[in-house]
Amino acid sequence: NAEPVNLGAAMNPSGAPESAATFNVLFRCDGGPTIGMGHVARCLAVAEELGRNHLCRVEFAVAGQPVAVEMVGAAGYHVHHAPRLALAADEATWLEAVVAQCRAQTVVVDGRDGLSLDCLRVFRRSGVSIVLLDDSSERRLAADLAFYPPMPQLERLDWQGFVGKRFVGWPWVALRRQFSGRRRDVAQGPPRVLLNAGGADPAGITFQLVDALELLEGEVEPVLVLGPAFQQSRELRRRLRGARHAYRILSDVKDMAGVMAGSHLAVVSFGMIAYELAAIGVPALYLALSADHAESASAFQEAGMGVSLGVHRRVAPAQIAAATRQLLADPERCAAMSISGRALIDGRGAQRIAEQIVS
């Protein structure tokens, strides 16, 4: 069924009346157990700035998993939902109807779906502006604006035919407002280690992190944050019975920046959380889902914000434990990572992106 289904109240989360809206922006993104929730979180960060500072009327188009629809709806946005899209052509037809229905003047795309370059070119020829967030697919060639963190893969791409504006660098990382102006402030006592494997953790990295922490001797305080699409809670609780350490398990966390700020160190699956940790100033160890993610994580290591351990399948729990132990024993190195992260990522990237979209 590729018919638009509207969920949530039609409103502007900024609190401004709809009649005051400057123009209409549609976000096309997805999230769920397979692809995680980073795309949705990033779009919500930019959407908030567009509504709050620029009085834009913002709506979302989400396909597939209801967890993404629920996350966007909870933030107060109108959601067009297509539960099942079998073909790329189905998505193009559906999205064309959504763009017409909400009278979108700008479409912001953040995803890894089958949306085609030709589809975006059709929108652009009709006068709709196209904005891409961290999209290395051929869709980039249809963008009016394209925003990227400084990843090594970017310069290998062929940009022939691109006539839009490209923005590359740490200042263009879109984070939610809670990550701006916050800094790490750890208490005395046993080191607090934040563990997170993303919004969904389809590869089961959570269990890998627990196995690693169980190899650490001495007192540590593991804080395990589960994402909104995590589906293995029962198995996790079974695994933690009789564990060496007392794990604090958090889910549905609203103030993630606050949880991060109290952490001495984080061990995480590489993704949006790597940027969030850097903005708070938390030194981190990264496990990557893929070789592409590992290459992206290497940029963080090169910038002095954390340590990339490589693709998770090739990393044993003993290696994670050893790297964790080494960093915990080196407060000077951790302090340097904290300074580097906060210097490079200030948490105001979403504001900058919103300003470029409006201008």
(request) With the condition kept exactly as written, say whether any residue in region 349-359 is open to solvent by 60 Å² or more (accessible area, probe 1.4 Å), modelled with pLDDT under 95 and within 23 Å of residue 43 (Cα to Cα). (result) yes
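Of all residues in region 108-118 being in contact (Cβ under 8 Å) with a residue 60 or more places away in the chain and more than 11 Å from residue 58 (Cα to Cα), which is surrounded by the most Cβ atoms within 10 Å (Cβ to Cβ)?
From region 108-118, those in contact (Cβ under 8 Å) with a residue 60 or more places away in the chain are 108-113, 115; that's our starting set.
Of the ones still in play, those that are also more than 11 Å from residue 58 (Cα to Cα) are 109-113, 115.
Working: 109: 28, 110: 24, 111: 23, 112: 14, 113: 20, 115: 21.
Here the answer is 109.
A quick yes/no check of all residues on (1) of a type in the set (A, V, I, L, M); (2) free of Cβ contacts under 8 Å to residues at least 40 places away in the same chain:
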{"residue": "27", "(1), (2)": "no, no"}
{"residue": "35", "(1), (2)": "yes, no"}
{"residue": "45", "(1), (2)": "yes, no"}
{"residue": "60", "(1), (2)": "no, yes"}
{"residue": "66", "(1), (2)": "no, yes"}
{"residue": "79", "(1), (2)": "yes, no"}
{"residue": "92", "(1), (2)": "yes, yes"}
{"residue": "97", "(1), (2)": "yes, no"}
{"residue": "106", "(1), (2)": "no, no"}
(request) Run down 41, 10 and say which single residue is at pLDDT 90 or above and either over 30 Å from residue 204 (Cβ atoms) or small (Gly, Ala, Ser) (or both). (result) 41
(message) I'd like to verify a number: residues in region 280-312 that are open to solvent by 20 Å² or more (accessible area, probe 1.4 Å), farther than 14 Å from residue 149 by Cα and part of a loop (DSSP other than H, G, I, E, B), how many?
(response) 3
(message) Looking at 263, 269, 340 in this structure, which one is closer than 21 Å to residue 39 by Cα, among the small types (Gly, Ala, Ser), surrounded by 18 or more Cβ atoms within 10 Å (Cβ to Cβ) and touching a residue at least 12 places away in the same chain (Cβ under 8 Å)?
(response) 269
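Pull up region 128-169, narrow it to residues that are of a type in the set (D, E, K, R) and open to solvent by 50 Å² or more (accessible area, probe 1.4 Å), then point me to the one that is farthest from residue 23 (Cα to Cα). Talk me through it step by step, then tell me what you get.
From region 128-169, those of a type in the set (D, E, K, R) are 134-135, 138-140, 144, 155-156, 158, 165-166; that's our starting set.
Cutting the leftovers down to open to solvent by 50 Å² or more (accessible area, probe 1.4 Å) gives us 138, 155-156, 158, 165-166.
Numbers: 138: 27, 155: 33, 156: 35, 158: 32, 165: 20, 166: 22 Å.
The qualifying residue farthest from residue 23 (Cα to Cα) is 156.
Here are 257, 261, 243, 266: which of them is touching a strand residue (DSSP E or B) at 6+ places or on another chain (Cβ under 8 Å) and on the phi < 0 side of the Ramachandran plot? Break it down into steps so the answer makes sense when it comes.
On the way: 257 fails: touching a strand residue (DSSP E or B) at 6+ places or on another chain (Cβ under 8 Å); 261 fails: touching a strand residue (DSSP E or B) at 6+ places or on another chain (Cβ under 8 Å); 243 fails: touching a strand residue (DSSP E or B) at 6+ places or on another chain (Cβ under 8 Å).
Unique residue meeting the criteria: 266.
Looking at the structure I just gave you, is residue 330 modelled with pLDDT under 95 and either open to solvent by 10 Å² or more (accessible area, probe 1.4 Å) or over 19 Å from the mean Cα position of the chain (by Cα) (or both)?
On the way: modelled with pLDDT under 95: no; either open to solvent by 10 Å² or more (accessible area, probe 1.4 Å) or over 19 Å from the mean Cα position of the chain (by Cα) (or both): yes.
So residue 330 does not fit the description; no.
The values are calculated or read from the model by the stated rules, or taken from the named source; none is laboratory data. This is a predicted model, so every value here is computed, not measured. Positions of Cβ are backbone-derived with ideal geometry, glycine not excepted, and every protein chain shown enters the neighbour counts. These area figures cover heavy atoms from the full protein model, side chains too; ligands, DNA and RNA do not enter into them. Shrake-Rupley method; radii C 1.70, N 1.55, O 1.52, S 1.80 Å.
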